[in-house]
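Chemist: Take this structure first; my questions come after.
The values are calculated or read from the model by the stated rules, or taken from the named source; none is laboratory data. What you are looking at is a predicted structure, and each value in this text was computed from that prediction instead of being measured. When we count neighbours, we look across all protein chains shown, and the Cβ atoms used for this are built from the backbone with ideal geometry, even at glycine.
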Amino acid sequence: MNNEQSTPTTPGESGTPLAAAASSTVGGRKRLEIDEAGVRNGLAQLVLTLIKLLHELLERQAIARMESGSLDEEEIERLGLTLMRQAEELERVREAFGLRDEDLNIDLGPLGRLF
């Protein structure tokens, strides 16, 4: 019987939470072994990456609206405070999961890095 284990790698660093599953061959059948903590962190990494992407898009849209003059001073202030609080909360949650800022900057292959 062959009982080899191999850990799949991700496009990013091999030590990232996305590399949370391993497979082994037992009795000629492949078996998936899942590290629950790694899956939880991998899911958090994916969700936080999407939230950060949306935050970046909202910031760009806010800048475009400010430059076009379609917002008054009160709206600009409110929008700025909201985006700042959102960035702080994103940072807090990222740290709670033990992720680094670069963990959210995923590699898109030939397209390059996300951020």
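Chemist: Here are some residues: 50, 58, 79. Which one is over 23 Å from the mean Cα position of the chain (by Cα) and modelled with pLDDT of 90 or more?
Modeler: 79
Chemist: Just to be sure I understand the filter: pairs with C-beta atoms under 6 Å, separated by 6 or more residues or on different chains, first member in segment 92-104 and under 10 Å from residue 52 (Cβ atoms), second member part of a helix (DSSP H, G or I). Which pairs pass?
Modeler: 94/48; 104/48; 104/49; 104/52
Chemist: Could you run through segment 81-115 and say how many residues are β-branched (Val, Ile, Thr) and assigned to a loop (DSSP other than H, G, I, E, B)?
Modeler: 1
Chemist: Sticking with this one: Restricting to segment 25-80, and then to whatever is assigned to a helix (DSSP H, G or I) and among the β-branched types (Val, Ile, Thr), can you tell me which residue is nearest to residue 114 (Cα to Cα)?
Modeler: 49
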